There are 2 protein chains.
Amino acid sequence: MILTLTPNPAIDVTYRIGTHTPGGTNRVLEVQRRPGGKGVNVARVLAAVDVPVRALLPLGGDAGRWLGRALDVPFEAVPISGENRTTVTVTGDGHPTVYAEPGPELSEEEWAAFGSRLADCVSGSELLVVSGSLPRGTSPDLVAEWVRIAREAGVRTLVDASGPALLAAARAGAAVKPNQAELLAATSAADEAAGAAALLRLGARLVVVSRGADGIAAYGPGDVRIVPAVPDVRGDPTGAGDAATAGLAVALAAGRPLIEALRNAAALGAAAVLRPVAGEVDLPAYHRFLNGAPA
Amino acid sequence: MILTLTPNPAIDVTYRIGTHTPGGTNRVLEVQRRPGGKGVNVARVLAAVDVPVRALLPLGGDAGRWLGRALDVPFEAVPISGENRTTVTVTGDGHPTVYAEPGPELSEEEWAAFGSRLADCVSGSELLVVSGSLPRGTSPDLVAEWVRIAREAGVRTLVDASGPALLAAARAGAAVKPNQAELLAATSAADEAAGAAALLRLGARLVVVSRGADGIAAYGPGDVRIVPAVPDVRGDPTGAGDAATAGLAVALAAGRPLIEALRNAAALGAAAVLRPVAGEVDLPAYHRFLNGAPA
């Protein structure tokens with residue numbers, strides 16, 4: 001079983017409109033709501049490829065109740081007094097416009113309860129995946145604490161985070177999976193190799209960098225492996241990074257060779273591009289891509 | 001007591017952001033949620049000026065439960081199976097951008113229950129105010145039905161609506177209060193006087209036209225009264241039309257002369273401009289404006 005941890009889950013709302021009129025009134029033609037947050041997307045992709053998974057997340061308010069009803073993967077909810085956030089994505093005649101609420105602030109007691117529940121859930125898991133932003137006002141040290149809790153249960157952790165949380169995860173010895181822009185921003189490095197080396201020096205066990213159309217690179221101590229992206233995949237890249245994280249997690253949890261993990265990540269990421277919704281993948285395409293077929 | 005009817009209430013969400021980036025990701029700095037819909041705003045203004053009021057509205061889903069908890073005026077809710085809508089207003093460095101969800105479709109049975117509840121509530125009221133858009137897929141004839149139900153209880157109706165619903169209200173003999181743009185759009189008339197005359201010919205008892213900075217005009221059979229806007233009022237015009245409707249409703253319900261009703265509407269509308277939130281008015285300013293003081 002893989003456990004995913006989503007510190008700041010969201011109701012992902014998508015508004016389809018006609019012509020986008022910033023500064024005016026836009027009639028929404030169609031509304032879609034689905035559970036979101038990167039760890040939730042990872043869990044949904046894992047469930048889609050039949051990997052046993054459980055999602056751990058804080059839930060509160062009306063939004064939390066809705067998330068609890070709408071989640072289609074097994075989950076453990078830690079109740080909080082705040083209300084979960086919403087993100088609004090507006091799709092119209094141009095690039096999507098996203099409005100991202102910051103999310104609730106959790107009290108120290110609530111984070112302590114969250115850590116206790118993590119300790120209960122993680123033992124017996126094959127891997128912990130920590131994925132997505134921290135709520136406003138949250139210390140990045142919490143990520144290190146979660147990595148430590150998993151380690152005490154004999155479980156390794158893969159962290160997809162940015163900024164100070166990414167650095168904290170590296171210091172705690174986790175495997176980390178930033179995208180290239182996040183890597184450069186967090187480390188202030190001049191290029192990808194220097195950024196990955198910096199995270200390894202901090203203590204990261206493995207640094208996997210997703211590069212979109214330029215494939216995926218994995219940096220270990222004294223070792224770099226790169227797999228290209230599936231060529232000519234056209235579609236919606238929303239959620240492709242989360243699908244790649246899921247692909248990586250499956251292979252790492254099963255103890256498969258790193259190069260296989262990267263190929264699995266690239267194939268699942270490409271299969272997610274073919275579906276417009278984060279957390280969904282085109283399964284037949286995934287299996288074709290794994291076998292080296294083009295898009 | 002004044003009864004307000006809101007066919008399509010909403011959770012009005014306001015996102016404050018920094019620089020607005022259409023086609024990109026916008027971090028929301030502050031989120032505000034409040035009950036909305038034009039009839040709800042009218043009811044809140046009436047309560048603010050100590051006029052006994054009750055709001056009638058369909059409520060459903062998580063959004064409906066939230067509205068029921070958050071409404072700070074007495075209300076009668078008709079339960080529906082659909083979920084109430086949300087509007088999102090983004091305020092940043094330019095004009096506000098609004099995204100308006102269409103709202104739930106109600107079944108024939110739900111509208112019948114709504115009419116029955118209206119019949120129960122309206123008797124003993126001094127005025128019915130029908131305000132705001134109809135949900136998607138709703139026949140404008142429903143507005144005429146509500147006017148008829150009120151008339152059978154000996155109660156007059158003031159309707160703030162647009163398009164076919166405005167025409168249906170006029171045919172049913174209601175007093176109507178479109179803004180100038182809505183009047184011209186619904187009647188295809190060349191100017192305000194011709195548009196008002198068209199609604200009077202259809203059967204409207206009174207046509208009150210709000211013109212923003214150009215004041216308010218009232219057209220009755222063979223009679224036009226115009227009051228100027230309070231000069232030099234600066235602020236946020238959101239909700240000013242609803243406050244003007246409330247001001248008009250108070251005076252009409254009390255049987256005061258039309259010119260007083262218009263002055264009251266202009267003063268309350270201007271007092272709403274001084275408050276950024278729909279449904280709120282600056283009470284000291286309202287009383288100053290009523291006495292002819294400038295902004």
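The values are calculated or read from the model by the stated rules, or taken from the named source; none is laboratory data. Predicted model, so just to flag it, every value in this text is computed and none were measured. Quick reminder, even Gly has a Cβ in these numbers, built from the backbone with ideal geometry, and neighbours come from all protein chains shown. Remember, those area values only see protein heavy atoms, side chains included, never the ligands or the DNA or RNA. Shrake-Rupley method; radii C 1.70, N 1.55, O 1.52, S 1.80 Å.
Quick look at the values:
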{"item": "Average other protein chain Cβ within 10 Å of Cβ, residues A:98-109", "result": "3"}
{"item": "Average partner coverage of A:218-229, which counts Cβ from other chains inside 10 Å", "result": "0"}
{"item": "Nearest-10 value in Å² for the accessible area of A:Val147, using the 1.4 Å probe", "result": "10 Å²"}
{"item": "Vicinal HN-Hα couplings computed from phi for the range B:289-295 (Karplus, 6.51 cos²θ - 1.76 cosθ + 1.60; Hz; Gly/Pro x)", "result": "5, 4, 8, x, 6, x, 6"}
{"item": "Per-copy distances of the B:Ala181 label point, shortest first, in nm (7 angstrom along Cα→Cβ)", "result": "3.5"}
{"item": "Partners for A:Lys177 among lysines (Cα-Cα distance below 20 Å; same-chain residues under 8 apart left out)", "result": "A:Lys38"}
{"item": "Cβ-placed point charges (K, R +1; D, E -1), dipole of the range B:168-295 about Cα centre in debye, nearest 20", "result": "320 debye"}
{"item": "Coil-residue GluC sites (Glu not before Pro) of the range B:79-177, DSSP, other Cβ within 10 Å capped at 14", "result": "B:Glu105"}
{"item": "Cα principal axis extents for the range A:238-295, largest first, Å", "result": "31, 22, 13"}
{"item": "Rounded, prolate or oblate (a/c below 1.5 giving rounded, otherwise prolate when a/b exceeds b/c) for the range A:208-256 by Cα gyration tensor", "result": "oblate"}
{"item": "Helix-only [θ]222 nm of the protein assembly as shown, DSSP H runs n ≥ 4, -39500 (n - 2.57) each, per residue, nearest 500", "result": "-12000 deg cm²/dmol"}
{"item": "A:Arg65 versus A:Asp50: modelled label distance in nm, points set 7 Å from Cα along the beta carbon direction", "result": "3.8 nm"}
{"item": "Using a Förster distance of 41 Å, the FRET efficiency for A:Asp232-B:Glu108 (Cβ separation, nearest 0.05)", "result": "0.20"}
{"item": "Average accessible surface area per residue within the range B:133-187, 1.4 Å rolling probe, Å²", "result": "40 Å²"}
{"item": "Residue mean of other protein chain beta carbons inside 10 Å, B:64-72", "result": "1"}
{"item": "Positive-end residue, chain A charge dipole about Cα centroid, Cβ charges, pick of A:Ala193, A:Gly92, A:Gly82", "result": "A:Ala193"}
{"item": "Carbon plus sulfur fraction of accessible area for chain B, probe 1.4 Å, in percent", "result": "51 percent"}
{"item": "Dipole magnitude (debye, nearest 20) for the range B:32-112, charges at Cβ of Lys, Arg, Asp, Glu", "result": "360 debye"}
{"item": "Sequence-distant residues sharing a close amide H with B:Arg156 (under 5 Å, placed H)", "result": "B:Leu128"}
{"item": "Estimated buried accessible area (total), pair A and B, 1.4 Å, Å² to nearest 100", "result": "2200 Å²"}
{"item": "Calculated label separations, A:Asp141, copies of the chain, 7 Å along the beta-carbon direction, nm", "result": "7.0"}
{"item": "Vicinal HN-Hα couplings computed from phi for the range B:187-196 (Karplus, 6.51 cos²θ - 1.76 cosθ + 1.60; Hz; Gly/Pro x)", "result": "9, 6, 7, 7, 8, 4, 4, 5, x, 5"}
{"item": "For the range B:86-213: rounded, prolate or oblate by the Cα gyration tensor [a/c cutoff 1.5]", "result": "oblate"}
{"item": "A:Phe75 long-range amide H proximity, modeled H, under 5 Å", "result": "A:Ala55"}
{"item": "³J(HN,Hα), Karplus 6.51/-1.76/1.60, whole Hz, each residue of the range B:130-136, x for Gly, Pro", "result": "9, 9, x, 6, 8, x, 3"}
{"item": "Label spacing, shortest first and in nm, from B:Pro276 to its equivalents in the remaining copies (7 angstrom along Cα→Cβ)", "result": "3.4"}
{"item": "At R0 = 56 Å, FRET efficiency that the Cβ-Cβ distance of A:Ala194 and B:Asp72 yields, to 0.05", "result": "0.45"}
{"item": "Sequence-distant residues sharing a close amide H with A:Asn179 (under 5 Å, placed H)", "result": "A:Ser210"}
{"item": "Dipole in debye (nearest 20) - the protein assembly as shown, about Cα centre, beta carbon charges: Lys, Arg +1; Asp, Glu -1", "result": "140 debye"}
{"item": "Among beta bridges that DSSP assigns inside the range A:102-223, antiparallel share in %, nearest 5", "result": "35 percent"}
{"item": "Extension reserve of the A:Ala153-A:Asn291 stretch, reckoned as 0.36 nm per residue once the Cα distance is removed", "result": "46.1 nm"}
{"item": "For the range B:1-69, accessible area per residue (1.4 Å probe, heavy atoms of protein chains only), Å²", "result": "34 Å²"}
{"item": "R0 of 35 Å, Cβ-Cβ distance B:Ser139-B:Val224: FRET efficiency to nearest 0.05", "result": "0.60"}
{"item": "Threshold 50 Å² - residues in the range B:1-48 whose accessible area is reduced by that much or more when the chain is no longer isolated, probe 1.4 Å", "result": "B:Tyr15, B:Gly23, B:Val28"}
{"item": "Centroid-to-centroid separation of the range B:42-85 and the range B:229-262 [C-alpha atoms, Å]", "result": "22 Å"}
{"item": "Most positive-pole-ward Cα, B:Gly203, B:Pro35, B:Ala165, against dipole of chain B from beta carbon charges", "result": "B:Gly203"}
